[in-house]
Every structure is written in C-alpha cells, then in structure tokens.
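Engineer: After the structure tokens below, expect a handful of questions from me.
The values are calculated or read from the model by the stated rules, or taken from the named source; none is laboratory data. Source: prediction; values computed, not measured. The accessibility values were calculated without ligands, DNA or RNA, using every heavy atom of the protein model including side chains. Shrake-Rupley method; radii C 1.70, N 1.55, O 1.52, S 1.80 Å.
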Amino acid sequence: MKHALFLAAASLLAAGCSDTASPANPTRLWLALDGSEVQVKLVSSEPAPY
C-alpha cells in the first residue's frame, strides 16, 4: 500500500514538472484595455502607451 501511494505521488509530480512547454503559449503577457477604461485583457504583444 505504501509503495502504491509513493508511485501515485511520484507520477503526479513528474506530470506537473514537464519541461516540454507548448510552443503556442507566449512567454510574456501584457494587460491591455478591452474597450473601456475599467476592463482589461491579456495580450501577447506589448500595447501602445496610453
């Protein structure tokens, strides 16, 4: 029982520490206005200054 618990915990840790990140995800995100003064959204390119 103890061995099975260790294997389950080790497999969850290994899955969470993957070095193969998806290339579709941007490395940096910025906040940009989303049509009003109080709503923002995340964008992958730096927005123009306000």
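Engineer: Can you pull out the residues in segment 8-28 that are modelled with pLDDT of 70 or more and open to solvent by less than 90 Å² (accessible area, probe 1.4 Å)?
Structural biologist: Once the filter is applied, which keeps residues that are modelled with pLDDT of 70 or more and open to solvent by less than 90 Å² (accessible area, probe 1.4 Å), segment 8-28 yields Ala8, Ala9, Ala10, Ser11, Ala24, Pro26.
Engineer: Give segment 32-50 a look and list any residue that's of a type in the set (D, E, K, R) and open to solvent by 100 Å² or more (accessible area, probe 1.4 Å), or say none.
Structural biologist: Within segment 32-50, Glu37, Glu46 meet the criteria.
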